[in-house]
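To start, the structure itself, in C-alpha cells.
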Amino acid sequence: MNAILSAADTTSRLGLMPLVALGVYLALLLGLALYGYLKARLTEEDYYLAGRQQGFVITSLTIMATFFSSSAMLAVPGTVYKEGIAFMVFALNLPIAGGAVYVLGARIARVARAGGHVTPADMVADYYGNSPTVRVLVALVGVLYVVPYVVIQIRAGGHLAQQLFPNMGTITVGGQTFGAFAAGATVLSIVMMLYILVGGMRSVALADVVQGSLLLTGMLVAGYTVIAALGGPGPYVEAVSQLPPEALSLPGATGRYTAWSLMTICIFASLASIIQPAQWMRFCAARSPQALKRTSLIFSIVLPVCFLLGVMPVGLGARALYPPQRIGGELLPHPEVGRWDQALITVLRDHGVEVLGPAGPLIVAMLFIAILAASMSTADSNLHALSAVLTRDIYDRFLRPGASERERAWVGRFVIVAGSALALALVQIGEHRQDFAPLRMIIEMQFVAMAFSCQLLPVVIDMLFLHRGTRSGAIGGLIAGLLTVALFTPAPGILLGQSLGQPVAQTADYLKSLFDIGFCGLVVNVVVFVSISGLAKAARANQGAQ
Amino acid sequence: MNDRSCLLRKRLSTVLSLVFAIAIVMGAGPGLYLVNPAPSDSAAHVTWLGLPILYAWIVFWFLVEAMVIVLAYLFLWDAAQESDVLPESQHRDGPHGNTNP
C-alpha cells in the first residue's frame, strides 16, 4: 500500500514527463520500423537476418540488448537487495558470455553463411545428416527458451505501466476491468508487433540500438542515483559496510548462493543465453567475423562495468535505505519497497527527482522508459526468432515443404501476430485470475528456460570444434538433457502424482541448491551423447570389419 | 604465418585459457571462500581499503578476465587468419556434414 501511494506521489511530481518520454520513445520505434521497411528487400534472408550485413555498432548493441531482459533493471538489483553482495558474483558471467560471442559466434556465423542457415536447427540438423529428429529437438529447445521470455516481458511492461501511471482510470469490457496494466501490456505488444512485422531483423536490431543505449545509460544513472541518495561515494561505501554480515558474504541472506552454484550459473547460464535462437540469428546477421570480434570486446567490458558500477550497487544501496525485515524467520522486503524486484524503482521514485538536479523528472522518466526498453528488446528479438524457428524448422520442413519464399514470409508474420496475441491474452487473463495455470506454468518455465537452452551446448561444440559425435548420440543426448531439466519443473508432480513426484522434487531441490539446473542436465546429456556416439561408431566399425 | 609465430600463438592461447579458467574458479567459484567473511563471525573483516572485501575480490577477477579478453582480441582473434573454421566433415562430405548414424 505504501509503495502504491508513493508511486502516485512520484508520478504527480514527474508531471507529464513519463507520457512525453513514452510518446517520443514509441514514435521513434515506429520511425525505425518505417526505415526498416524502406530498406528491406523481399527475401526471407533479409527479413530474418537483415541480409547478413550488420556492422559492429548494431551487432554489439543488439546482442547486448537481447542478452538482458527487464531482469537487468528489476530482478538483478532486486536479488542483490534480497541476498546482498553474494549475487554480485553473477556479474562474472558477462565476460564468459562476451568471450563466447567471438569464440562460438564467429564460427556459427561463418558456417551459417557457407550453408545458408538461419536458425540453430537449420545448422545442427544439416550437420547431423539433415536429420528431422535433430531438427525438431533443436527447434523445441528454441521454443522452450523463447516463449517464456516473450510472455514475461509483456507482463513486465504491464507492471511498469502501473508504476508510471498509477492514477490512470479504468474501463470495463465484458465484465472485466482494464487499467494501466492492460494498457501498458497492450501498447507494448502492438508497437513491438508492428515494427517486427514491418521491418523484420533490420527494424528489430535498430530498435535494439535505441533500447540497448537506453539500458546501458540507465544502469549507470541508476547507480549514480543510489550513491547520491546516500550522500556520495564515501557515505555510500560506509553505509554498505555497515550492512549485516549475511549481506556481505556467501551464501547470501537466504543461503541460496553457494560458490559452486554461482560458478555453474556463471558458466552455463551465460553460454546457454549466447546460443539461444535470437542470439544465434544475430551472429548470422553480422557482416563479418570482425564485427563479432569487436562486439565480443565491447560486451565483455561494457556490460560488467554497467553491472558492477551501475545496477548492482543499487541493490546494496537499497538495502541500506530500506532494510529488509525478518518476520517469523522469513526475509521480507521493506514495506516501502513492496516486492524485491521493485528495489530500483523505489530508489528512483523516492530519490531520483531530488538527486538528479533540474533535469531530474526527465531523467527519472527516461529511466522508467529504459526499463520498458529492456523488456521490449528481449521480447522483440525472441518473437522474431520464434517466427523464424516455427516457419523454417517446422512449417517449411514438415507442414508445407514446397512453400514459396513469399508464403513462408507471410507465415512468419502470422506467427508474430498470433504469438503476440496469445502472449497478451495469457498475461491479461493471468492478471485477473492469479491461479491461471498456463501463465503460472510459463512463469515457472522462465527459471528453466536457460537450462533447456544449455542442452544445445554439446552438439554445438561437437559441430564447431570436435566432430566426434554421431546423429544418434546427438538425439540421445538432447532427449536425456531435456528430460533431466524437466525434472526441475512442476512436470514430475503433475505426471507422476504426489507419491512419486515428491522424491523427484526433493532430489531436484537438493541438486538446485548445489548447481545450476542447466549444468545438471548437461552432465546427463554429455554422458549419453558420448556413450551412444561411441557405441554407434564401434557398431559401424564392426560392420565394416565383417 | 610461420611455424614460430604459430607456436607462440598456441602458447599464448594456452596461457590465456588457463588464466581465464583460474579467474572463473577464483572469482565466481570456490576461490571466493578464501576471502568470504563468515556470516556468523562478527569480528570477521568485511572490508578491504574501505570496500566490502567480496566486492573488491569480484572486481579484481573481472579485471583479470577483461585483460585476458583484451589480449586475445589483440593477439589471438585474428579473424582473417581463421580460414578453416568449417567443420572438417563439411569440407569432406559437402553440405550434410556428419553423416554418422
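The values are calculated or read from the model by the stated rules, or taken from the named source; none is laboratory data. Owing to the predicted nature of the structure, the values given are computational and were not obtained by experimental measurement. All Cβ positions, glycine included, derive from the backbone under ideal geometry; neighbour counts span all protein chains shown. Quick note on the areas: whole protein, heavy atoms, side chains included, nothing else; ligands and nucleic acids left out. Shrake-Rupley method; radii C 1.70, N 1.55, O 1.52, S 1.80 Å.
Approximating the spin labels as points 7 Å out from Cα along Cα→Cβ, the A:Ser499-to-A:Arg339 distance works out to 3.9 nm.
Just checking the output field for A:232-241: average partner chain Cβ neighbours within 10 Å of each residue's Cβ? Mind showing how you got there, number by number?
Values: counts 0, 1, 1, 0, 0, 6, 2, 0, 6, 7.
Taking the mean over all residues of the peptide, I get 2.
Over the residues of chain A, the helix contribution to mean residue ellipticity at 222 nm works out to -23500 deg cm²/dmol, using -39500 (n - 2.57) for each DSSP H run of at least 4.
Can you give me the Rg/Rh ratio for region A:7-440, using Cα atoms for both radii and the Kirkwood formula for Rh?
In region A:7-440, Rg relative to Rh is 0.97.
Please say if region A:408-484 is rounded, prolate or oblate, where rounded means a/c under 1.5 for a ≥ b ≥ c the square roots of the C-alpha gyration tensor eigenvalues, and otherwise the choice is prolate for a/b larger than b/c and oblate otherwise? Before the final figure, lay out the partial values.
Values: a/c = 3.74, a/b = 1.78, b/c = 2.10.
Note, shape of region A:408-484 comes out oblate.
Peptide A:264-271 shows a mean partner chain C-beta count of 1 within 10 Å per residue C-beta.
Calculated FRET efficiency, A:Ala545 to B:Thr14, Cβ-Cβ distance, R0 = 35 Å: about 0.40 to the nearest 0.05. If you fit an axis through the alpha-carbon atoms of helix A:105-115 and take the longest principal axis of the Cα set of chain A, what angle between them do you get, 0 to 90°, nearest 10? Long axis of A:105-115 versus the principal axis of chain A: about 40 degrees.
Axis of helix A:93-103 versus longest Cα principal axis of chain A: the two differ by about 40°, to the nearest ten degrees. Placing dummy labels 7 Å off each Cα toward the beta-carbon, the span from A:Leu309 to B:Val25 is 3.1 nm. Couplings 3J(HN,Hα) for region A:42-57, derived from phi with the Karplus relation 6.51 cos²θ - 1.76 cosθ + 1.60 (θ = phi - 60°), are 7, 10, 5, 5, 5, 5, 8, 10, 6, x, 6, 10, 7, x, 6, 5 Hz, where x marks Gly and Pro.
Compared with the direct C-alpha span, the chain from A:Asn130 to A:Ser404 gains 96.6 nm at full extension, assuming 0.36 nm per residue.
Enter the accessible area per residue of the protein assembly as shown (Å², integer; probe 1.4 Å; all protein chains in place). Could you put the intermediate results ahead of the total?
Working: 25820 Å² over 647 residues.
Per-residue accessible area for the protein assembly as shown comes out at 40 Å².
Against the criterion of solvent-accessible heavy-atom surface with a 1.4 angstrom probe, B:Lys10, A:Lys39 sort, most first, into B:Lys10, A:Lys39.
In this structure, the amide hydrogen of B:Trp48, modeled 1.01 Å from its nitrogen in the peptide plane, lies closer than 5 angstrom to those of B:Ile53, counting only residues at least 5 positions away or on a different chain. Chains A and B together bury roughly 4500 Å² of accessible area, counting both sides, with a 1.4 Å probe on protein heavy atoms only. Each peptide in A:430-436, A:150-156, A:530-536 was scored by the mean count of other Cβ atoms within 10 Å over its residues; highest first, the order is A:150-156, A:530-536, A:430-436.
Our estimate of slack between A:Trp260 and A:Thr172, defined as 0.36 nm per intervening residue step minus the Cα-Cα distance, is 26.6 nm.
Can you tell me how much longer the chain between A:Glu238 and A:Ala425 gets when fully stretched, taken as 0.36 nm per residue apart minus their C-alpha distance, in nm with one decimal? Write out the running numbers ahead of the final one.
Values: separation 187, 0.36 × 187 = 67.32 nm, distance 4.76 nm.
Roughly 62.6 nm would be gained on extension.
Note on surface exposure: A:Glu238, A:Glu405 rank A:Glu238, A:Glu405 by accessible area, highest first, 1.4 Å probe. Per-residue shielding of A:125-132, expressed as the average number of other chain Cβ atoms within 10 Å of the residue Cβ, stands at 5. Once label points are set 7 Å from the Cα along Cα→Cβ at both A:Phe436 and A:Val417, what is their separation, rounded to one decimal in nm? Distance between label points: 2.2 nm.
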